[in-house]
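Here's the structure we're looking at; comments come further down.
The values are calculated or read from the model by the stated rules, or taken from the named source; none is laboratory data. Predicted, not measured: the structure shown is a model, and the values here were computed from it. Reconstructed Cβ throughout: ideal geometry from the backbone, glycine too, with neighbour counts over all protein chains shown. Only protein heavy atoms, including side chains, enter the accessible area calculation; ligands, DNA and RNA are left aside. Shrake-Rupley method; radii C 1.70, N 1.55, O 1.52, S 1.80 Å.
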Amino acid sequence: MNGNSRADIRAGLEVDIVLKQDQRTGKLTRGIVKDILTNSPNHPHGIKVRLTSGDVGRVKHILQK
């Protein structure tokens with residue numbers, strides 16, 4: 001499942017995100033959602049979240065529902 005819809009994402013989900021510095025390479029970082037930072041209901045590049053580790057990036061895959 002992709003992370004373009006805010007309704008699909010909530011705190012506690014395990015997701016893969018792409019960090020700002022990894023956008024060119026597409027390297028993914030896995031973690032648990034702590035905060036949702038995007039206010040709009042949809043975003044074409046993925047909803048921006050903060051993980052429990054403190055990393056901030058855009059959701060590319062939702063691993064559990």
Within the stretch 8-44, residues more than 10 Å from the chain's Cα centre (by Cα), in contact (Cβ under 8 Å) with a residue 40 or more places away in the chain and part of a loop (DSSP other than H, G, I, E, B) come out as PRO44
Members of the stretch 27-50 that are in contact with a strand residue (DSSP E or B) (Cβ under 8 Å, 6 or more places away or on another chain) and open to solvent by 80 Å² or more (accessible area, probe 1.4 Å): LYS27, ARG30, LYS34, PRO41, ASN42, HIS45, ARG50
Might you let me know whether the stretch 55-63 holds any residue that is in contact (Cβ under 8 Å) with a residue 60 or more places away in the chain and under 12 Å from the mean Cα position of the chain (by Cα)? yes
Taking the stretch 1-26 and keeping residues open to solvent by 50 Å² or more (accessible area, probe 1.4 Å) and farther than 16 Å from LEU63 by Cα leaves LYS20, GLN21, GLN23, ARG24, THR25
Residue match in the stretch 53-64 (condition: in a loop (DSSP other than H, G, I, E, B), charged (D, E, K, R) and either surrounded by fewer than 12 Cβ atoms within 10 Å (Cβ to Cβ) or on the phi > 0 side of the Ramachandran plot (or both)): no
Checking the structure you have, find out if any residue of the stretch 19-28 is β-branched (Val, Ile, Thr) and closer than 17 Å to SER5 by Cβ. no
